[in-house]
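Q: Questions regarding the structure given below will be posed in turn.
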Amino acid sequence: MNMMETAQFAGQEAASLRGELRHDVDMSRHVSWRAGGHVQRLYQPADLDDLAEFLRILPRSEPVIAIGLGSNLLVRNGGLSGTVLLLHGALGELRVEPDGTVYAQAGVPGAKLARFAALHNLRGAEFFAGIPGTVGGMLAMNAGCYGSETWETVERVQVVDRSGELHECIPAEYEIGYRHVERIEEPGSRIKDASRQTPEFFVGVWLRFQAGDGEIARREIKALLGRRMASQPLNLPNAGSVFRNPPGEHAARLIESCGLKGRQIGGARVSEKHANFIVNMGGATAADIENLIKEVQVVVQQQTGISLHPEVRIIGEAA
Ligand SMILES: Cc1cc2nc3c(=O)[nH]c(=O)nc-3n(C[C@H](O)[C@H](O)[C@H](O)COP(=O)(O)OP(=O)(O)OC[C@H]3O[C@@H](n4cnc5c(N)ncnc54)[C@H](O)[C@@H]3O)c2cc1C
C-alpha cells in the first residue's frame, strides 16, 4: 500500500472493521520454528464477516496471504511485504450440521477437530490430532499422516476471494495430491485465465466422517500422539517434516543414510531423533534453516542421486 492508500484504508478500518491490524510484526512469534523475519501488516479478523469486509476494503494492489499456526512456514529474515491474515484464534466455529457433516472454520486446530469428532461418536478424524496446524493450513497442504489425508474427508469447502466474496467449492474443482492442492477451472484442467488466479483463502469446510465408537477414537488419538512423542523431537521448535517423501522413498531414511543427522548451521540442526526434522536449538535465523535445507539437498543429491523437495513453505525476502 502506498501512503495515500494506507491513510484511506486507515479511515475505513476505524469505521467498519472489528479485527486487529498490527504493523511490522515479528513472524517468529507466529511460526512453529520460532525464527524468521517481520511482515509489514498482520490482520486477525474478528470473525468471517469481518474478514470478508477487510478484503473488500483492502486496496487491490496489496499482496495478501493467509496463515494458521505457522507449523509449515518460514519467513525469510528480510521480511514479507503486504498483509498476512492470521486465521488461528479468529475463525473457530465447529459444529455438527443437520446432514451429519462436521463444519469447521479455517482457524480450528487439528487436535480440537479430532477430539470434537470423537465426542460426537464419529470415526476417521483421529489423524488430525497429530497435525499441529489449523483446518485452513491442512486444506492448503492436504496434510496427512498414518495413511489418511485431509481431502479424503472433504465434502465441500468454503472460500473467500480477494474481493471478500464467499464461495463454496467441491473437491472436483481442485487438483489434489500428496501435499498438493490447486484450484482448477474444470475437473482435469488448470485455471488458464491469469486474472482468475487471484488468491482465495479457505475459511471453512464440511467434512464427512463415519459413525462409530467415540471411546475407540479417543484411544486411537492417544496411541497416535504417543507414537509421535516417541519418534519426533517435539521438545524443540520445528516445522514437522521438512522435505516431501520422494516416490517410493522416505526423506528421513535418505538423510540419515547420508550421515546428516546432527548437521548444524548456526542454531539450526538436523534432528538426531528424526532426520527429516530441522530443529531450532536456540537463536536460529531463517537463513540458518534455509541454508541447512540447501546443504541437505546438495549432500543427498550427491550421495544418492535423489532430489529432495521442501514440503515447508519459505516466503519473504532474504536479509
Ligand atoms: C511437530 C509437527 C508435526 C507435523 N506433522 C505433520 C504430519 O504428520 N502431516 C502433515 O501433513 N503435516 C505435518 N506437519 C506440518 C503442518 O502441521 C501441516 O502442513 C499443517 O497443515 C499446516 O497448518 P498451519 O495452520 O500451521 O498452516 P501454516 O503453516 O500457517 O501455513 C502453511 C501454508 O498453508 C497456507 N494456508 C494456511 N492457512 C490457509 C488458508 N486458510 N487458506 C489458504 N491457504 C492457507 C499458508 O499460506 C502456507 O502456504 C507437522 C508440523 C509439525 C510442527
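Q: Determine, for each peptide in 222-230, 237-245, the mean count of other beta carbons within 10 angstrom over its residues, then list the peptides with the highest first.
A: 237-245, 222-230
Q: Given Cβ point charges of +1 (Lys, Arg) and -1 (Asp, Glu) and nothing else, what value in debye, to the nearest 20, does the dipole of the chain about its Cα centre take?
A: For the chain, the charge dipole is close to 1160 debye.
Q: In addition: Distance in nm between label sites at Ala211 and Lys273, each 7 Å beyond Cα in the beta-carbon direction?
A: 4.1
Q: Okay, moving on. How much area per residue is accessible in the range 212-291 when the probe is 1.4 Å and only protein heavy atoms are counted (Å²)?
A: Accessible area per residue, the range 212-291: 48 Å².
Q: Need one number: nm distance between label points at Gln302 and Ala318, each 7 Å from Cα along Cα→Cβ, rounded to one decimal.
A: 1.9
Q: Could you work out how much longer the chain between Cys169 and Arg29 gets when fully extended? Use 0.36 nm per residue separation minus the Cα distance between them, nm to one decimal.
A: Gain on extension, Cys169 to Arg29, equals 47.2 nm.
Q: Measure out, as a whole number of angstrom, how far apart the alpha-carbon centroids of the range 67-141 and the range 226-247 sit.
A: Taking the Cα centre of the range 226-247 as reference, the centre of the range 67-141 is 18 Å away.
Q: Ok, one more. Relative to 2.2 N^0.38 Å, what does the C-alpha radius of gyration of the chain come to as a ratio? Two decimals please.
A: Compared with the compact-globule rule of thumb, the chain sits at 1.02.
Q: Any idea of the accessible area per residue across the range 94-180, 1.4 Å probe, to the nearest Å²?
A: For the range 94-180, the solvent-accessible area averages 37 Å² per residue.
Q: Could you list which residues have their amide H under 5 Å from that of Gly36, counting only those 5 or more apart in sequence or on another chain, with H placed in the peptide plane?
A: Under 5 Å from the amide H of Gly36 lie the amide H atoms of Ala286, each far enough along the sequence or on another chain.
Q: For the range 1-132, what is the charge dipole size about the Cα centre, in debye to the nearest 20, if Lys and Arg each add +1 at the Cβ and Asp and Glu each add -1 at the Cβ?
A: 460
Q: Which percent of the accessible area of the chain is formed by carbon and sulfur heavy atoms (probe 1.4 angstrom)?
A: Accessible surface attributable to carbon and sulfur in the chain totals 51 percent.
The values are calculated or read from the model by the stated rules, or taken from the named source; none is laboratory data. The model shown is predicted, which means the values in this text are computed figures rather than measured ones. Positions of Cβ are backbone-derived with ideal geometry, glycine not excepted, and every protein chain shown enters the neighbour counts. We work out accessible area using only protein heavy atoms, side chains counted, and drop any ligands, DNA or RNA first. Shrake-Rupley method; radii C 1.70, N 1.55, O 1.52, S 1.80 Å.
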